[in-house]
Every structure is written in structure tokens, then in C-alpha cells.
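First the structure, in the form of C-alpha cells, and then the observations on it.
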Amino acid sequence: MKILVCISKTPDTTAKIAFTEGNTKLDENGIQWIINPYDEWYSLVRAIEHKEKDPTTIIHLVTVGGADVEPIIRKALALGGDEAIRVNLQSNDSFTVASQIAAVAKNGAYDLIFTGKETIDYNSASIGSMVAAILDLPYISLANHFTLNGNDAIIKREIEGGEETNEVSLPVVVSCQKGMAEQRIPNMRGIMAARTKPLHVQEPIACDETTQVMQYELPPAKQGVKLVAPDNMDELVRLLKEEAKVI
Amino acid sequence: MVLVYIDHEDQQLKSSSLEAMSYGAALAKQLGVTAEALVLGTTPATLSDLGKQGASKVHHVAVDTLNHLDVKVNSTVIAEAATQLNATVLIFAHNINGKALAPAVAVKLKAGLVTGASSLPKTENGFIVTKTVFSGKAFASVKIATPIKIIAINQNCYGIHAADNVAEVIPMSFNIPSPSVKMTLVEKVKGELPLTEASLVVSGGRGLKGPENWGILLDLAKELGAATACSRPVSDSDWRPHHEHVGQTGIQIAPNLYIAIGISGAIQHLAGVNRSKTIVVINKDPEAPFFKAADYGVVGDAFEVVPALTAALKNSK
Ligand SMILES: Cc1cc2nc3c(=O)[nH]c(=O)nc-3n(C[C@H](O)[C@H](O)[C@H](O)COP(=O)(O)OP(=O)(O)OC[C@H]3O[C@@H](n4cnc5c(N)ncnc54)[C@H](O)[C@@H]3O)c2cc1C
């Protein structure tokens, strides 16, 4: 079993977001970088759980980014995984990133490709579906449970107001979310081992960007909260009806 | 032509798709073209009614195997339909099915894609779409450079608007590729409104102290006809089911009204609800960070305030 796990670097969930250079760039001052939580907690850990059950499993990590992503990919290797591949390209265009991952996936002949359900910076939720489409593979989104039965994967995924179980033959691309695995933290042995695990740097394949970020903007500040006395719920009802007009 | 992908479930067209139709109709008007709809699968819903959201035609691939989401198959059918119909812009709702399908269709049509769009594109000079980024903490304007463009819109960003078209329903047929996945089981929460489709949501946090205290919240939700949600520690402790967990690592919602009860308003929680139109916070701690993100606030004990609010709603009818 060969698993490819996609890893993205994102600002920490508590990061204060600001922009520089005429609102065209994220202000990286004071930002702590983390592994995108969905990539780390759910897809990477689920792959590691599988390897713990079946030690012949090979896990490769792939990331598309500049050299600044390397501490993040080392951190991911400290959790688990055998080798990592960094495609040396910085792009905000989902199609460009997915094309690079698909090229890596094609080379490695993986049985399973895991992504997180989305990244917490661009929130595009597109990479898994695009990789599957480029490779013409089946795709299951928003998976919250995954098991294998021979060459078939049995995957539960979220649907509106419930969940659904699907059976699919490998290879398959899966986007992972809560439920897939239990979050863990790397231990000392993992951190030491990660230092010497292979991290291959690969140049990107040619690809035209289909989209381009022009500018960022912060949302307008809230007007400020209007406080209503706890013994005056009639007033709150009136405000919701007449002012906010939501009920 | 602007082609809007229409999703249906439980014998009805999804409200997020009706919103996408309204958005598509407005964009078509802006571009001076027509807005048409594409429906896959079978549904008893009256498809010509999509005219009420501005569709001039509804293209219908009435094959019941397409009712189930098989991304590989359904995205192929959508891309072929778009090509046959010469669509230049495709609109999806950025909901569970839209998130899975739109990127695959984009690959097949070599189309630039913006997901999580929050308003109509600017089209005077190029084609620029604004989307939410950093989990609702910011917006990005994104230029789409390809001839065909795809937009997946955030729920409740545009609203459902009435138009007075009568849409003509036109059957379409294709050779449907063989399925790539086999659905073996569907488990639905009975009688509950799915959170992502709800326009009113009542949500509870650790301040409610335990699952046995949820009655006051459920009564309020019932009185309002609202769906229920919760903070992450609440679902992690199994006080409430996991599908109610909203936030950065849960479901992201954008209802018209979000009432937060005994929730502190941690940044990861806000990331899931900050696109709500109106936020009401009920918390006994006046320093709770949630008040900064709220429109209306009540500083008080939830165990008194919530039943009083339910009673006030009853009285106001
Ligand atoms: C990476 C990461 C991701 C996360 N993702 C999410 C996520 O998706 N969703 C999420 O919700 N959290 C998430 N969290 C957790 C988040 O940081 C907070 O810990 C969590 O939201 C707090 O939940 P809470 O508000 O219910 O509880 P608390 O923070 O304990 O707040 C309880 C509140 O109830 C109030 N209260 C107490 N008693 C009463 C009373 N009688 N009447 C009225 N008010 C009362 C208190 O004043 C307090 O403000 C995440 C954390 C991390 C690190």
C-alpha cells in the first residue's frame, strides 16, 4: 500500500490577519506557521494509523511551496511518513497546485491520495477534486471514516444532515475531516527520525495559472454590540423583528 | 450564457441552489446574456419554477443514478453539458456537492475557478471575483483569466430573489459513464433541518454545563424554527452530536441569525460563524470575546435569559 498525503503550510488558527504592499500580500510579521490542521490531524494521522496496522505501507508527503515550507514538512515527518517531496513552486492558484500534486502522484503510482478537506488560509476546498479529475480517479470528499477491505476502500462521508457510506476500488483520492483519526503530537523519537528522512526537492511541471489574486481586504468592522438587559427579552424580540429583520 | 448547476435533495431543490440561480441571473444580466439551469437526476420538484429565480431554460438530465454524488461521473456529465450548451460561466453553490463537483468540472473545462465567492464579479475590466479567505477573516479579489469561468458562491451571500420568467424545461441525454463509487448506506438525522441550509441557528457552548441542560436551547430553537449547533468542546464531550459542531474545524455556516448561548467566542469558533448576518450573544461574562463580534448581546445567566427569550417570542405572535 502506497499513500500520498498532501501537506500545506498555513498561518496558525489564532493568527491576526493583516496585509502589506498595497494589500497584495499577507503580512507575515508575527505569524506562526502550522501544518494545515485538516492535513495534519486527519489525513496524515489516518495514513500513519494504517501504517501501524500494516508496516509494509509506504507513506509519502507532498507539498507545493518554497524552501520556507521545509520546517512544516519536517514537522509532518516527525509525526510519521517515510519520505517527503517538495515541488519548488509558490502559487495561490488551485489548478496549478493540483497539477503539481497530480504529476507527483502519477510518478509514484499511489493507491491512496489523502488531502485535508480545505486549507484554513484560502479555504478553496478544491485540491482533492482537481487532483482526482486530472488523474481520472474516483473522489470522495469530506470523509470522516475510512477502512480498507482488500482492494476496496469503505468510506463514510458527510452529506447534508447526515452521512453516507461508499465503497470504492483503489486508487482513490479522499479529502479528510474530523472523525478520520485522532489528533496526536510528535514525540522525541519522531522528531529525531524526521531529521534524516529524505526530503526530495523537485522542480514544477509547466502549467498556466488560471486565477490570480489581485488584492486583499479586511471586512468592515462590526458596528459594535447593542446590549439588551436580561430582563427585557421583549426588546430583543422587537430588535430582531424590526431592526435586524431576521425573524 | 451563464449556466447554474442546481442541486436537489429529499425531493426538493436546495435553497442554496435557488440562491445560486438568482446570482447567476444577476450576473447574466450584467453580461448581457441568458441564465440557464442544469439539473442532474430525477426529482418531483417543478423545474420550470426555476424561472422564478431568473432561469430562461432548464436543461435536465433525468437519469436517476445521477441523484447520488459520484464526482467522477457527475462532473463528466456537467462538463459535457456545459460544452454542448456553450456556457461561458458556470455557477455552483459552495455547499457539500458544489465543493466536490466544481473543481473537477473546472479541470475538465480548463476553466479558472473561484470558490467561496461572496458577491457578484466585477466585469467592466476583466473578470474579478471576491471570495472569503482566512476562514472569514479577510476577502481576496481574484482575477479569472480563462475563457470559461466557474464560481462557487458562499451560502447566504446573495439571497434568493424573485423574477418572473417561466423557464422552459429541455431534456438532455448522454451516455452516462459507469459508476466509480458504490453507495451502500445513507444515515440521515430524521426530522432535523440540516445546519448548512438553515437560516436561523441556535447554538450552545460549555456555559450550558451539561447535556441535560439542552432543553432550554431546544425549546428556543423550536419556537424559532431554528436548527441547532454547538461549540467544539460540546461535541468533543459528546453532549451533542458531531454534526452540530461549528467552527474552523467543524461546519462553516452563514445563517441570517446565529444565537450563541454560553459560548466564549474563541477565534476558531468565530471562523465558522462570522459570516452570519446577525449574531446574538447570551453570556454571563461581559468580557467574553464573542460580544466583540456580536450585533446584539445579553449579559446574563443563560438559564434565566433563554427561557425568557422563548416566552417573549411566544408572546409576540
Ligand atoms: C486548532 C483549533 C481548532 C479549533 N476549532 C474549533 C471549532 O471548530 N469550533 C469551536 O467551537 N472551537 C474550536 N476550537 C476550540 C476553541 O479554541 C475554544 O476552546 C472553544 O470554542 C470554546 O468552547 P465554548 O465557548 O463552548 O467554551 P468556553 O470557552 O469554556 O466558554 C464557555 C462560555 O460560557 C459562559 N458561561 C458560563 N456559564 C454561563 C451561564 N450560566 N450563562 C451564560 N453564559 C455562561 C462563559 O462566560 C464562557 O464565555 C479550536 C481550537 C483549536 C486550537
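Quick note: the coordinates plus some simple rules give every number you see, no bench work behind them. None of these values were measured; they are calculated from a predicted model. Heads up, the Cβs are rebuilt from the backbone with ideal geometry, glycines too, and the neighbour counts pull from every protein chain shown.
Distance between the modelled labels on B:Gln30 and A:Gln202, one decimal in nanometres: 3.9 nm (7 Å Cα→Cβ projection).
Near the amide H of B:Ala93, within less than 5 Å, lie the amide hydrogens of B:Ile153, all on another chain or at least 5 residues away, with H placed in the peptide plane.
Please give me the summed charge of the neighbours of B:Ala93: other residues whose Cβ is under 13 Å from its Cβ, Lys and Arg +1, Asp and Glu -1.
Working: positive: B:Lys14, B:Lys99; negative: A:Glu160, B:Asp7, B:Glu9, B:Glu19, B:Glu197.
Once all neighbours under 13 Å are counted, the net charge is -3.
How much FRET efficiency would the formula 1/(1 + (r/R0)^6) give for B:Leu185 and A:Ser169, where r is the Cβ-Cβ distance and R0 is 25 Å, rounded to 0.05? Let's see the in-between values first.
Numbers: r = 18 Å, r/R0 = 0.71.
Computed FRET efficiency for B:Leu185 and A:Ser169 comes out at 0.90.
For chain B, the relative contact order is 15 percent, taking Cα pairs closer than 8 Å that sit 6 or more residues apart in sequence and dividing their mean separation by the residue count. Build a GNM of chain A with springs between Cα atoms under 10 Å apart, and of A:Met233, A:Met130, A:Met214 the one that fluctuates most is A:Met233. For A:Phe19, the amide hydrogen comes within under 5 Å of the amide hydrogens of A:Asp27, counting only partners 5 or more places away or on other chains and with H modelled in the peptide plane. A simple spin-label model places pseudo-atoms 7 Å from Cα toward Cβ; at A:Ile154 and A:Lys222 they are separated by 4.5 nm.
Summing charges over all other residues whose Cβ lies under 15 Å from the Cβ of B:Ser276, with Lys and Arg as +1 and Asp and Glu as -1, gives +4.
Computed from phi, the 3J(HN,Hα) profile of region B:80-89 under the Karplus parametrisation 6.51, -1.76, 1.60 (θ = phi - 60°) reads 5, 4, 4, 5, 4, 8, 6, 5, 9, 10 Hz, with x in place of Gly and Pro. Between 0 and 90 degrees, the angle of helix B:302-315 with respect to the longest Cα principal axis of chain B falls at about 60 degrees.
Based on the alpha-carbon gyration tensor of region B:195-316 and its eigenvalue square roots a ≥ b ≥ c, which shape applies: rounded if a/c is under 1.5, prolate if not and a/b is larger than b/c, or oblate? Rounded.
Where the only charges are on Cβ atoms (+1 Lys, Arg; -1 Asp, Glu), what is the dipole of the protein assembly as shown about its Cα centre, to the nearest 20 debye?
It comes to approximately 580 debye.
Once the Cα atoms are used to define both axes, helix B:15-31 deviates from the longest principal axis of chain B by about 50 degrees. Compared with the alpha-carbon gap, the fully stretched path from B:Asp238 to B:Glu287 is longer by 14.9 nm at 0.36 nm per residue. Taking the alpha-carbon distance from B:Lys29 and a cut-off under 19 Å, which lysines remain once sequence neighbours fewer than 8 residues away in the same chain are dropped? B:Lys29 reaches B:Lys52, B:Lys57, B:Lys122, B:Lys149. Look at the alpha carbon pairs under 8 Å that are at least 6 residues apart: their mean separation over the length of region A:123-247 gives a relative contact order of 17 percent.
Taking amide hydrogens as placed 1.01 Å from N in the peptide plane, the amide H of B:Lys57 sits under 5 Å from those of B:Ala37, B:Glu168, each at least 5 positions away in sequence or on another chain.
Sort region B:44-91 into rounded, prolate or oblate with this rule: let a ≥ b ≥ c be the square roots of the eigenvalues of the Cα gyration tensor; rounded if a/c is under 1.5, and if a/c is not under 1.5, prolate when a/b is larger than b/c, oblate otherwise.
Because a/c hits 1.5 or more and a/b fails to exceed b/c, region B:44-91 counts as oblate.
Across region B:287-297, computed HN-Hα scalar couplings (Karplus, 6.51 cos²θ - 1.76 cosθ + 1.60, θ = phi - 60°) run 8, 4, x, 4, 4, 5, 9, 9, 8, 10, x Hz from first to last residue, x flagging Gly and Pro.
Each part reduced to its alpha carbon centroid, region B:244-299 and region B:10-76 end up 33 Å apart. Separation of the alpha carbons by more than 18 angstrom is noted, of A:Lys241/B:Lys209; B:Lys209/B:Lys284; A:Lys25/B:Lys277, for A:Lys241/B:Lys209; A:Lys25/B:Lys277. In order along region B:159-164, the phi-based Karplus estimate (6.51 cos²θ - 1.76 cosθ + 1.60, θ = phi - 60°) of 3J(HN,Hα) comes to x, 9, 10, 7, 10, 10 Hz; Gly and Pro are listed as x. Using alpha carbon centroids, what distance separates region A:206-247 and region A:138-176, in Å? Using only Cα atoms, the two centres lie 35 Å from each other.
For chain B, the longest principal axis of the C-alpha atoms and the axis of helix B:96-109 are separated by about 30°. A helix-only calculation puts the protein assembly as shown at -7500 deg cm²/dmol for mean residue ellipticity at 222 nm, using -39500 (n - 2.57) for each DSSP H run of at least four residues, averaged over all residues.
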